[in-house]
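The values are calculated or read from the model by the stated rules, or taken from the named source; none is laboratory data. The structure presented is a predicted model; accordingly, all values stated were derived computationally and were not measured. Cβ atoms come from the backbone with ideal geometry, glycine included; neighbour counts cover every protein chain shown. For accessibility, only protein heavy atoms count, side chains too; no ligands or nucleic acids. Shrake-Rupley method; radii C 1.70, N 1.55, O 1.52, S 1.80 Å.
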Amino acid sequence: MTSRRLDSFEGLGYRGREDPSFSGGYSGRSFNNSSSSDLQHWVTTPPDIPGSRNLHFDDRTPQFETAPAPPGAADEAQSATPPSEQLNRFAGFGIGLASLFTENVLAHPCIVFRRQCQVNYHARCYHLSPLTAISVMYNVTKTQGPKALWKGMGSTFVVQGVTLGTEGIISECTPLPRELSHKWNPKQVVGHLVLKGLTYVVAMPFYSASLIETVQSEIIRDNPGILDCVKEGIGRVMGMGVTHSKRLLPLWNLVFPTVLHGVLHYVISSSVQRLVLYLLRRRNNGSPKHSSPDSQTDAVQSMLDAYFPELMASFAASLCADVLLFPLETVLHRLHIQGTRTIIDNTDLGFEVLPINTQYEGMRDCINAIRREEGTMGFYKGFGSIVVQYSLHAAVLQITKMIYSTLLRNTYK
């Protein structure tokens, strides 16, 4: 730090004490001709700032000036970031990226097979166990190739983009709040849920087109482009595009189940996420600390507590919402797929294809038909795939946590 001392100090005289206007009632005293011993009583350093060169009792000001720092040294010192902080930034980005990769890419085969099981009313095997689900998924991949369970992944990203864009546009053009503050009131909650509902209505035709791409069998499926989902969604709204059968339900019949499923999924996941995050932070704050606050264990644990509680809360929220709304999702997917002339894989063995020829009149008729023809467990067809999906997600989170902990321990050694 360069010295902040004055180059020259003339006592009170530098403030103009020699001026008559300042000497009324007493004689001005000048230090221009004083000895060096008199000047030693005047402290010329700044106040007690951390890192400054302050004088204390019986100390004297040094008779030399500190050499100025070379140009650019301060910028280099500020730009030099500790290795642990750099690791913390990159690790936070890597952990979030790993979580997104697991949710949207690694889990996609499980989502595809789950949707195929949900819309297959012919199926005799319900795949409630993850073992049977894995077996049939292997047969489908062996028969049709690795692309069979990765189909429609691009359209799912398109639907997410449409949803986020629609929500942002509606929130900007209307007073509906996009986020809730800590001091929320019932009016804000209702407005926020209305915004979510409107967003799901706008994204509904694109979601229906994406659903068709994910369940359509790879044997008869062409290679659609990424934007084909948008074209098919607009075509369904305008009544143009691919010719559908007369059993196709109009979009207004799909509004209520789509909005109901979307809003309930959002409410459940948000509530569970807040609850789990609160419990995790309370447990971390109440856990006993080590005797040394600068110990390696405390440093590593503090870094882990900065990222993993939110990831674990998001994981638990998605799991609870998907499990609780699984029957409603089955009904929703059957209504969306009806009348679209879609041919899916035979989920009993994985070697054949089957057409979808349902004739539901609406949501209530679909629920009654499933309960009457397939039983209560018919609402849970493909539940084993959701067990596989979240088991993979939990494994990735645990592996990422172990790698992150190892890197942190090596950094703090």
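Quick notes on this structure:
- Rounded to the nearest 20 debye, dipole of the range 136-209 from Cβ charges on Lys, Arg, Asp, Glu: 240
- About the Cα centre, charge dipole magnitude for the range 319-379 (Lys/Arg +1, Asp/Glu -1 at Cβ), debye: 220
- Dipole-positive endmost among GLN338, PRO355, LEU325 within the range 307-413 (Cβ charges, Cα centre): LEU325
- Amide H contacts of VAL353: ASN346, each under 5 Å away and 5 or more positions distant or on a separate chain (H built 1.01 Å from N in the peptide plane; Pro and chain starts excluded).
- The range 179-244 shape via C-alpha gyration tensor axes, a/c threshold 1.5: prolate
- Gyration tensor (alpha-carbon) shape descriptor, the range 97-171, a/c threshold 1.5: prolate
- On a per residue basis, the range 109-162 carries 43 Å² of accessible surface, using protein heavy atoms and a 1.4 Å probe.
- Integer Hz, Karplus 6.51/-1.76/1.60 couplings in order for the range 387-403, x for Gly and Pro: 5, 5, 4, 7, 5, 4, 4, 5, 5, 5, 4, 5, 5, 4, 5, 5, 5
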